Structure formats: C-alpha cells, structure tokens
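**Q** Starting off with a structure, shown below.
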Amino acid sequence: MLKINLRHLEEDGIHLKGELPLAELDLGVSDELIHAEKPLRYDLNVELLHDAVLATGSLTLPLECECGRCLKKFKTELKVADWAVHLPLEGDDKVSVENDCVDLTPFVREDMLLNFPQHPLCKPDCAGLKKKSVVPDAEAVEKPVLDVWAELNKLKIK
C-alpha cells in the first residue's frame, strides 16, 4: 500500500520514491496481449494544501506485451510523467483517513488502468503478420469449382 501519514505533512511536504508490488496494486487486468510482471515505480511529492492532500510526480509500470498485429513479444513501459491527485480532507468528496493515513493506492491503480494500451503495437508502422505467397495449383482451383457446378446440374428444379 502507498499510505501517507498526514502528521508527516504538517510541517513540510514529503518526497516518496520506491516500488509498489503488483499484488498490492491489484490491477486485475486479463488482457492476453499485456502482462505486468514487475512492480510499479513511483517518484512523488506529497504536500498538505489547506484541507487537502496534493500528490504529484511520475508513475512507471514495466509491461511485457504481444503486438496486436504481428504477435511479436516486446517490452515497454507505461509512464504517467505528470501524475497528480488532489484529495480533499473535508466536504462531500473527502477521502477516507485511517489512523492519520491516506492511501494513494486506489488512485494510482485507477490512473494506471486508464492509461493501459488498448491495442499494443511493437512499432507504430507494424505491417502485421507476413503473408506466405502461395501459388495455387490451377487444377486444384478448377476442380472444386467444376465439382460444385456438376452437383448443381444434377438438381432437378421444376
């Protein structure tokens, strides 16, 4: 969990840098082409603004993907460079506070899922699977066509 103790924010903001294990992030992605197998890296500044918590920074999640066109495996990183979340501590939209701590994990999870690639490509101009050039056998092409017509000619329609 990525919990922030509000008491540590009273004097000055804090800087957090580290990793959040996938089990704690609980992405729940069942995409066959995208696999997250390494922890999320974060580099955040968190401060107390009046009656709210402001967290800004960057989030990075390494991904192992398969191209949606050619099925080639490739690695990439899902980066949210200018991540920011404003969490009110008062009012109707206030965030839940447990033991003077606010959990950023659900907000990180939501923004990472919103930024997940919808159709991963190994490169933007990927041409897809290479087609094999097969020269059809002229006899093989004509024979089924002729057989179909022969069967149709046998039909007696009144």
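All of the numbers you see were taken from the coordinates with simple rules; none came from a lab. The model shown is predicted, which means the values in this text are computed figures rather than measured ones. Positions of Cβ are backbone-derived with ideal geometry, glycine not excepted, and every protein chain shown enters the neighbour counts.
**Q** Can you tell me how much longer the chain between Glu47 and Lys73 gets when fully stretched, taken as 0.36 nm per residue apart minus their C-alpha distance, in nm with one decimal? If you can, show how the numbers build up before the last one.
**A** Numbers: separation 26, 0.36 × 26 = 9.36 nm, distance 4.03 nm.
Contour length minus Cα-Cα distance gives 5.3 nm.
**Q** For Cα extents along the principal axes in Å, which listed value, (i) 69, 49, 39; (ii) 92, 39, 24; (iii) 37, 33, 25, comes from the coordinates shown?
**A** (ii)
**Q** Assuming R0 = 22 Å, can you tell me the calculated FRET efficiency for the pair Asp12 and Asn99, based on Cβ-Cβ distance, to the nearest 0.05? Intermediate values should be presented prior to the final figure.
**A** Working: r = 21 Å, r/R0 = 0.95.
Efficiency at R0 = 22 Å is approximately 0.55.
**Q** Still on this structure: For segment 3-153, build the charge dipole from Cβ charges (+1 Lys, Arg; -1 Asp, Glu) around the Cα centre, then report which of Leu54, Cys70, Pro39 sits farthest towards its positive end.
**A** Cys70
**Q** Taking amide hydrogens as modeled 1.01 Å from N in the peptide plane, which residues meet the under 5 Å criterion relative to Ala52, leaving out close sequence neighbours?
**A** The list, which skips near neighbours in sequence, is Leu89.
**Q** Additional query: Mind pulling the angle between the C-alpha long axis of helix 105-114 and the longest principal axis of the chain? Nearest 10 degrees, somewhere in 0 to 90.
**A** Taking the Cα atoms of the chain, the angle to 105-114 is about 30 degrees.
**Q** Hey, another quick one. Mind checking which lysines have their Cα closer than 28 Å to the Cα of Lys154? Skip sequence neighbours fewer than 8 apart in that chain.
**A** Lys143
**Q** Filter Lys75/Lys130; Lys38/Lys72; Lys17/Lys72; Lys79/Lys130; Lys3/Lys123 down to the pairs with a C-alpha to C-alpha distance above 29 Å, please.
**A** On the way: Lys75/Lys130 21 Å; Lys38/Lys72 20 Å; Lys17/Lys72 33 Å; Lys79/Lys130 31 Å; Lys3/Lys123 37 Å.
Distance filter (> 29 Å) returns Lys17/Lys72; Lys79/Lys130; Lys3/Lys123.
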